[in-house]
Amino acid sequence: MNDKNPKSSSGKFRKWFKRKHKKKQPDPYYLQDELSDGDDFMEDIYVSSLEIDPCTSTNELRIFVGTWNVAGRAPVGSLAVDLEEWLKPQDAVDIYVLGFQEIVPLKTRTVIGAEDPRKATNWNLLIGKALNESSGCPWLTPMLNPISSDSYHYVRNPGLEKRASFSAICDNTRMRGKPITQHRHHQQAVIGGSKYKLMASKKMVGVFISVWMKEELVTKYSVSNVKVSSVACGIMGYLGNKGSVSVSMSIERTSFCFIAAHLASGEKQGDEGRRNHQVSEIFKRTSFPRSAKDEHNLHPLTILGHDRIFWFGDLNYRLYNLEDNLARHLIQKKDWKALQEFDQLRREQEDGGVFQGWREGNIEFAPTYKYSSSNFNRYSGGVPSRSGEKQRTPAWCDRILWYGKGVKLLSYLRSEIKFSDHRPVSALFSTQIEVNKSSNPRIFSKDTIVPNIMPPEQIGTSGNYEEGKATLLSLIVKDTEASSIHTKKL
């Protein structure tokens with residue numbers, strides 16, 4: 001385990017968090033929201049995060065945010081039907097932001113070995129199929145040798161006249177000797193012709209995020225600065241069995257940050273401190289570096305620099321100081337309000353907590369963890385204890401939080417899909433974006449999927465194969481170096 005004191009680190013982070021939100025002159029690059037008062041916790045109105053410029057107007061977007069720990073199970077079998085049932089694709093949703101945990105079993109080989117990009121590809125294919133086929137849009141089934149990528153993002157390039165897509169991490173044993181144009185066409189056949197377009201995707205061991213946007217909105221609005229970041233803070237504080245993957249993007253003049261996280265497990269005394277420490281590490285180490293191309297198109301560098309922020313995942317916060325039999329009794333009575341009095345995460349949203357100022361909807365559903373692996377209809381353990389089952393007090397481990405003004409929660413619920421020992425959770429938000437009145441809709445008929453690890457001209461060359469198959473350790477080093485560089489600059 002990390003030899004740092006989680007409690008001490010968490011305390012330092014709280015002080016840093018408060019300093020970041022003291023009133024000060026606005027940064028020319030971005031503005032940070034002040035901490036919410038707390039009295040207007042579930043304020044049911046819109047408040048713009050910036051004073052409205054006479055040259056701008058506000059438009060509404062609806063964002064579906066979902067999180068699901070799939071317990072290492074592969075995306076096959078009944079999952080396609082389950083996923084479609086969970087997402088319930090409909091015209092009302094403009095953007096889907098999906099976070100998954102344990103898309104691979106958390107074993108030594110998967111945690112310290114090289115990433116397998118095919119896992120991300122398979123999940124994206126399944127998500128795309130669920131979102132688009134039910135809408136009557138064409139969506140091809142996975143090909144025999146799908147182009148694999150565990151990390152890529154969408155970038156507009158108006159100079160291109162053809163849609164081109166290519167992988168961030170390629171299998172050169174399959175691609176060697178093939179022209180890149182053929183490579184691009186192959187991926188286009190899988191992604192193209194859809195109602196929802198994949199905007200960004202990032203995988204780190206078992207943590208995975210996938211962001212999809214309506215194609216009509218991709219052409220209607222200016223979508224820019226789509227970047228990804230990962231922070232590994234699991235074993236020894238630097239392995240990817242726990243941590244986060246994040247996406248930063250700007251739609252017109254409004255910046256968004258989506259953080260999918262998987263925090264430390266455990267319900268023993270002190271486990272909450274480990275989770276809090278990981279939250280502080282994710283805040284400090286998540287960065288979205290600027291490149292030379294961003295000179296005249298500045299974007300937030302850190303999580304808190306964004307206008308609208310959504311943090312979700314298997315956060316693993318438990319019920320504290322509550323006996324197991326009493327917890328199960330309250331669940332049977334469906335007394336969610338009484339049960340929430342013991343919820344660790346609600347305590348962290350109060351003064352001095354690591355999520356001070358963050359909001360969450362009213363929880364009006366049963367705890368989402370832990371269901372029996374032999375019978376997903378009931379919670380694991382209980383009295384009398386069942387042979388071979390882990391004794392775990394049920395808890396709301398799977399959560400969705402948001403930070404920033406101009407966000408309205410429309411629904412917050414769990415799904416009854418019995419695929420793993422967790423139930424998926426989703427939230428539907430209505431949010432505002434600022435649009436320049438004078439600007440015409442940006443209509444580009446083509447988009448490009450580009451790598452965030454190496455330049456496109458280097459993809460497919462044998463000299464970059466080892467970098468393309470970067471191990472978890474190298475990804476951690478890159479994230480750490482990027483964070484330290486931007487810390488010095490700031």
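The values are calculated or read from the model by the stated rules, or taken from the named source; none is laboratory data. For clarity, every value in this text was computed on a predicted model and none was experimentally measured. Here the Cβ positions follow ideal geometry from the backbone for every residue, glycine too, while neighbour counts run over all protein chains shown. What goes into the accessible areas is simple: the full protein's heavy atoms, side chains included, and nothing from ligands, DNA or RNA. Shrake-Rupley method; radii C 1.70, N 1.55, O 1.52, S 1.80 Å.
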- request: Quick one: work out Rg over Rh on the C-alpha atoms of the range 283-358, Rh as Kirkwood radius.
  value: 1.21
³J(HN,Hα) computed for each position of the range 71-88 - Karplus, 6.51 cos²θ - 1.76 cosθ + 1.60, integer Hz, glycine/proline x: 6, x, 7, 6, x, 9, x, 6, 4, 4, 5, 4, 5, 5, 5, 5, 6, 6
- prompt: Based on the Cβ-Cβ distance from residue 88 to residue 298, what FRET efficiency comes out when R0 is 51 Å, to the nearest 0.05?
  reply: 0.85
query: Using a 1.4 angstrom probe with every protein chain in place, what is the largest-first accessible-area order of 359, 378?
result: 378, 359
task: Hey, can you grab everything whose amide H is under 5 Å from the amide H of residue 396? Only 5+ residues off in sequence or another chain; H modelled, so Pro and N-termini drop out.
output: 368
field: Length added when fully stretched, residue 378-residue 351, from 0.36 nm per residue minus Cα-Cα
entry: 6.2 nm
query: What are the ³J(HN,Hα) values, in whole Hz, obtained from phi via the Karplus relation 6.51 cos²θ - 1.76 cosθ + 1.60 with θ = phi - 60°, for each residue of the range 220-230 in sequence order, with x given for Gly and Pro?
result: 6, 10, 7, 9, 9, 6, 7, 9, 10, 8, 10
task: On the protein heavy atoms, probe 1.4 angstrom, tell me the percent of accessible surface of the range 205-308 carried by carbon and sulfur.
output: 50
task: With r as the distance between the Cβ atoms of residue 80 and residue 437 and R0 = 56 Å, compute the FRET efficiency 1/(1 + (r/R0)^6) and round to 0.05.
output: 0.85
statement: Sorted by chain and number, the residues with a modelled amide H under 5 Å from that of residue 254, at a separation of 5 or more or across chains, are 434
message: Please compute the contact order of the range 284-420 in relative form: average sequence separation of alpha-carbon pairs under 8 Å and at least six residues apart, divided by the residue count, as a percent.
response: 30
field: Filter on 107/418; 88/390; 195/227 - keep pairs with C-alpha separation over 30 Å
entry: 88/390
query: At what distance in nm do the modelled label points of residue 112 and residue 58 sit from each other, each positioned 7 Å from its Cα along Cα→Cβ?
result: 5.2
message: With a 1.4 Å probe and all protein chains kept in place, how much accessible area does residue 295 have, in Å² rounded to the nearest 10?
response: 130
- request: Compare 55, 397 by solvent-accessible area with a 1.4 Å probe and give them largest first, with all protein chains kept in place.
  value: 55, 397
- line: With all protein chains in place and a 1.4 Å probe, residue 290 shows an accessible area in Å² (nearest 10) of 60
- prompt: Distance in nm between label sites at residue 333 and residue 269, each 7 Å beyond Cα in the beta-carbon direction?
  reply: 2.7
